[in-house]
Amino acid sequence: RPLCRYLGIEEVIATRSAVDEEGRYTVAGILSANVEKFISPDTMHWTRSGELIFMVVLGGMGSLFGPLAGALVFWLLSEFLARLTEHWHLIFGPFLLLVILFARGGIDGLFTRRGTPP
């Protein structure tokens, strides 16, 4: 509570936002379990959340198109590289680093007009 006041955020809005986010994750988990008909402990491993962060960073934050494009590129690139080598992460890691360094907005940033505020 003091942190919300210190940051100038209304506590009700912060709580509602957190509950909304939790609800989205719950629905996503329910849908995933329904589609796959199985819940594996592997889906709760820390590397899974890392992959999700990579998808968002690769696609670009702040829009709907960015993370969707990042997820598609991540999936296609990981499948392609996995066919080439078992250690595809060693190729994908430097690629992601280059995207972070040179394409600050990710894939979405490459397609938006320069000079316009985000």
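The values are calculated or read from the model by the stated rules, or taken from the named source; none is laboratory data. What you see is a predicted model, and the numbers here were worked out from it, not measured in a lab. So basically every Cβ, Gly included, is an ideal-geometry build from the backbone, and we count neighbours across all protein chains shown. Remember, those area values only see protein heavy atoms, side chains included, never the ligands or the DNA or RNA. Shrake-Rupley method; radii C 1.70, N 1.55, O 1.52, S 1.80 Å.
What number goes with the only condition from (1) under 16 Å from the mean Cα position of the chain (by Cα); (2) modelled with pLDDT under 85 that PRO117 does not pass?
Looking at each condition in turn, PRO117 falls short on (1).
Being closer than 30 Å to GLY105 by Cα and not in a helix (DSSP H, G or I) is the filter; apply it to the range 1-60 and report the residue that is modelled with the highest pLDDT.
Residue satisfying both the conditions and the ranking: GLY60.
Go through (1) part of a loop (DSSP other than H, G, I, E, B); (2) of a type in the set (A, V, I, L, M); (3) in contact with an Asp or Glu (Cβ under 7 Å, 6 or more places away or on another chain) for ALA69 and report which single condition fails.
(1)
Yes or no, residue by residue, for (1) open to solvent by less than 90 Å² (accessible area, probe 1.4 Å); (2) on the phi < 0 side of the Ramachandran plot; (3) in contact with a helix residue (DSSP H, G or I) (Cβ under 9 Å, 6 or more places away or on another chain):
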position	(1), (2), (3)
GLY66	yes, yes, yes
GLY70	yes, yes, yes
PHE74	yes, yes, yes
HIS89	no, yes, yes
PHE92	yes, yes, yes
VAL99	yes, yes, yes
GLY106	yes, no, yes
GLY109	yes, yes, yes
